[in-house]
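A quick write-up on the structure given underneath.
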Amino acid sequence: PSAMREVILEVPKVNWEDVGGQKEVKTQLMEAVEWPQKHQDAFRRIGTRPPTGVLMFGPPGCSKTLMARAVASEAGLNFLAVKGPELFSKWVGESEKAVRSLFAKARANAPSIIFFDEIDGLAVIRGKESDGVSVADRVMSQLLVELDGLHQRVNVTVIAATNRPDKIDSALLRPGRFDRLLYVGPPNETDREDIFRIHLRKIPYSSNVSIRDLACLTEGCTGADISLICRQAAVAALEESLDATEITMNI
Ligand code: ATP
């Protein structure tokens, strides 16, 4: 039995232009992925090595996953995504094996990115086994071994995401592991304008639709909320008339 459903390997097709706002995070991600590969000599000269892993944290729906895919796509890297809780299996030994084979697959497909979504999920499962070591502990130790082993291998980047940074095992945050922390926060008004524009690229809209007003009216909305609003508007237009050719603003 396999501990993990097959990890999908892909080069995502998401561009930076598909992500509204988050300018600083985009730059940091690009650096994290490109510098270790392009500027090895510079790091050596200055007597250090580039950060190993990146941890993105922040509320749900604010583009953590989207940006992980975008950086892979923009840098032309293979992308392996796994959710923290998926690494667990009830079969003894299978979970560690899953972690090992994930990293092996990433190395075999380098240059690549491993994306751990919901990395906090590694800490929640606590079922003690007969030898007193929980599956969570085993997965964690294997993960640390793999992360520490990446030091010399500059062509695999690990990116993790969480909504709950407080729940992350502090061992993961030590230098040489996930040592670059990036906050991915909710969009401000200008960002929301960008995000509306992105999600209305394929939806024809009436001249009465003001993207600026929409951005102003959606204080507190995330990118995911805006995406939903746009899709709902398109469906609403069709509900009004199946001949609809555009969405209109109605407030
Ligand atoms: P979670 O913690 O729930 O996984 P997340 O931060 O990873 O959330 P995403 O999955 O990246 O969020 O975002 C969900 C969807 O919301 C994206 O696929 C996209 O359609 C939309 N979205 C979110 N933020 C943005 C943004 N800044 N620009 C454009 N679209 C966005």
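The values are calculated or read from the model by the stated rules, or taken from the named source; none is laboratory data. Keep in mind that what you see is a predicted model, and the values were worked out from it rather than measured. Because the Cβ atoms are built from the backbone with ideal geometry, glycine has one as well, and the counts that use them run over all protein chains shown.
Being in contact (Cβ under 8 Å) with a residue 60 or more places away in the chain, surrounded by 15 or more Cβ atoms within 10 Å (Cβ to Cβ) and under 12 Å from the mean Cα position of the chain (by Cα) is the requirement here; does residue 102 meet it? Considered against the rule, which asks whether it is in contact (Cβ under 8 Å) with a residue 60 or more places away in the chain, surrounded by 15 or more Cβ atoms within 10 Å (Cβ to Cβ) and under 12 Å from the mean Cα position of the chain (by Cα), residue 102 comes out as no.
Residue under question is residue 214, and the condition is that it be away from the ligand (no atom under 16 Å from the Cβ), hydrophobic (A, V, I, L, M, F, W, C) and part of a helix (DSSP H, G or I); does it hold? When the stated conditions are applied, residue 214 does not pass them.
All conditions in (1) among the basic types (Lys, Arg); (2) surrounded by 12 or more Cβ atoms within 10 Å (Cβ to Cβ); (3) under 17 Å from residue 18 (Cα atoms) hold for residue 202, with the sole exception of (2).
Of everything listed in (1) more than 25 Å from residue 105 (Cβ to Cβ); (2) in contact (Cβ under 8 Å) with a residue 24 or more places away in the chain, the single unmet condition for residue 41 is (2).
In segment 43-69, which residues are part of a helix (DSSP H, G or I), away from the ligand (no atom under 16 Å from the Cβ) and either modelled with pLDDT of 90 or more or of a type outside the set (A, V, I, L, M, F, W, C) (or both)? Of everything in segment 43-69, those that are part of a helix (DSSP H, G or I), away from the ligand (no atom under 16 Å from the Cβ) and either modelled with pLDDT of 90 or more or of a type outside the set (A, V, I, L, M, F, W, C) (or both) turn out to be 44, 45. In the condition set (1) more than 14 Å from the ligand (Cβ to nearest atom); (2) assigned to a helix (DSSP H, G or I), residue 228 is compliant with all but (1). If only one of 83, 64 is surrounded by 19 or more Cβ atoms within 10 Å (Cβ to Cβ) and farther than 22 Å from residue 175 by Cβ, which one is it? When all the criteria are applied, what remains is 64. One residue alone among 204, 186, 175 is modelled with pLDDT of 95 or more, more than 16 Å from the ligand (Cβ to nearest atom) and of a type outside the set (Val, Ile, Thr), and that residue is 204.
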